[in-house]
Amino acid sequence: MSKGIPYGRQDISQADIDAVVKVLKADYLTQGPKVKEFEDKFANYIGAKYAVAVASGTAALHLCTLALGVNEDSKVITTPITFAASSNCVRYCGGEVVFSDVSPESITLDIDKVRALLESSPKGTYEGIIPVDFMGYPVNLEGFRKLADEYGLWIIEDACHAPGGYFIDSKGKKQFCGNGQFADLAIFSFHPVKHIACGEGGMITTNNKDLYDKLLVLRTHGITKDPDKMTENHGGWYMEMQTLGYNYRIPDILCALGSSQLDRAVENLERRRQIAKGYDLAFENTHVKTIVPPTGIGHAYHLYVIQVENRKELYDYLRTKDI
Ligand SMILES: Cc1ncc(COP(=O)(O)O)c(C=O)c1O
């Protein structure tokens, strides 16, 4: 019997299983060496200076808004076409979310509309922007950075759909999603439907050392054990709780799986791009509207989005075919 085509399904290799079993037999299930190993490997893949592994993409977003000081007075702009977590992270801190529309070509935040929103409000109204590389389509963050600087805003790039995605900047350089060149912070998810599967898991990347240091403390109850960062030092046993933090840690078991998955990220992304090309050709000259990125856009294809008039009928029909 055919199992049909699911929304998403992880690919687990023998190497992944071996990596996890090794941790199960080792000393640390959590807070061990696999966490930093995964962080360093991921930062290197994305091209960012620092990476902080956490329990989920949602936890990553929450830590970002905490680290940037979002509170009841904050107003933040994001896209309405994304997963709920992209805006919930602002609400967790009591801030207000303002949606700005997307461009029909990329289904990502339309920079002209964000500019119009900023121009029509008194300076200081907004604190930050959360652009989302929706579907895996990389947002051109060079433009957003210029705009954000004009208005003194921070940027959190929600790159959950886009590890390995890139755009070409004005100097002709490839800028990979989450590499921290233009965004203050970027986040990723390792839910099984994403490119890299941990079960649950997330990552924050940044080039900003101060934010990196804050995130490390916030991830683990707001407590530091680093003598250089303490206000007092009472000896080896002493730890200091400096702020209200959370337990957003990810176990070593999952980091071992993520690290092993990351070894196949390049080839898996290439496979996604090949499949997308097949869809592009198949839908050419049909009534199905597709998003075909221009040259210079490295789409990461978490999703392949189509636009049709009769969405519900098509959905119901596909369900009858186990798709
Ligand atoms: C764009 C986007 N942001 C954030 C998240 C949250 O990630 P997680 O499910 O790992 O908490 C998701 C997950 O679906 C997502 O698609």
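Let's see how each residue does on (1) farther than 29 Å from GLY32 by Cβ; (2) small (Gly, Ala, Ser):
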| site | (1), (2) |
| --- | --- |
| ALA48 | no, yes |
| LEU61 | no, no |
| ARG145 | yes, no |
| ILE156 | no, no |
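Give all pairs with beta carbons closer than 6 Å in which a residue from region 49-72 that is free of Cβ contacts under 8 Å to residues at least 40 places away in the same chain meets a residue that is among the basic types (Lys, Arg) and near the ligand (Cβ under 9 Å from one of its atoms); count only pairs at least 6 apart in sequence or on separate chains.
none
Looking at region 50-73 only, could you name the residues that are in contact with a helix residue (DSSP H, G or I) (Cβ under 7 Å, 6 or more places away or on another chain) and part of a loop (DSSP other than H, G, I, E, B)?
Result: VAL70, single match.
Here's the yes/no breakdown for (1) under 22 Å from the mean Cα position of the chain (by Cα); (2) within 30 Å of ASP184 (Cβ to Cβ):
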residue	(1), (2)
ASN208	yes, yes
LEU211	yes, yes
GLY222	no, yes
ASP226	no, yes
VAL266	yes, yes
THR290	no, no
GLY296	yes, yes
THR320	no, no
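Of the conditions (1) within 16 Å of the ligand (Cβ to nearest atom); (2) surrounded by fewer than 21 Cβ atoms within 10 Å (Cβ to Cβ), GLY164 fails just one. Which one is it?
(2)
Give the residue, chosen from LYS123, LYS146, LYS113, that is away from the ligand (no atom under 16 Å from the Cβ) and modelled with pLDDT under 95.
Answer to the check: LYS123.
Show the residue pairs meeting these rules: Cβ distance below 7 Å; 6+ apart or different chains; first residue within region 171-194 and under 17 Å from ILE297 (Cβ atoms); second residue more than 16 Å from the ligand (Cβ to nearest atom) and of a type in the set (Ser, Thr, Tyr).
LYS174/TYR166; GLN175/TYR166; PHE176/TYR166; CYS177/TYR166
Residue check, SER86 against (1) under 18 Å from THR205 (Cα atoms); (2) surrounded by fewer than 22 Cβ atoms within 10 Å (Cβ to Cβ); (3) among the small types (Gly, Ala, Ser), all met but one. Which one?
All conditions pass for SER86, except number (2).
Looking at (1) without any contact (Cβ under 8 Å) to a residue 12 or more places away in the chain; (2) in contact with a Ser or Thr (Cβ under 9 Å, 6 or more places away or on another chain), can you tell me which one GLU267 breaks?
(2)
Give me the residue from region 199-254 that is aliphatic (A, V, I, L, M) and within 23 Å of ASP27 (Cβ to Cβ) and, out of that set, farthest from the ligand (Cβ to nearest atom).
MET239
Among the numbered criteria (1) free of Cβ contacts under 8 Å to residues at least 40 places away in the same chain; (2) more than 21 Å from the chain's Cα centre (by Cα), which one does LYS36 miss?
(2)
Given region 158-254, what strands (runs of 3 or more DSSP E) lie entirely inside it while holding 2 or more residues that are not aromatic (Phe, Trp, Tyr)?
In region 158-254, 174-176, 185-189, 202-206 are the strands (runs of 3 or more DSSP E) which contain 2 or more residues that are not aromatic (Phe, Trp, Tyr).
Which condition does TRP237 not pass, out of (1) at pLDDT 95 or above; (2) more than 19 Å from the chain's Cα centre (by Cα); (3) of a type in the set (Phe, Trp, Tyr), if it passes all the others?
(1)
The values are calculated or read from the model by the stated rules, or taken from the named source; none is laboratory data. All figures in this text were calculated on a predicted structure; none of them were measured in a lab. FYI the Cβ positions are ideal-geometry reconstructions off the backbone, even for glycines, and counts take in every protein chain you see.
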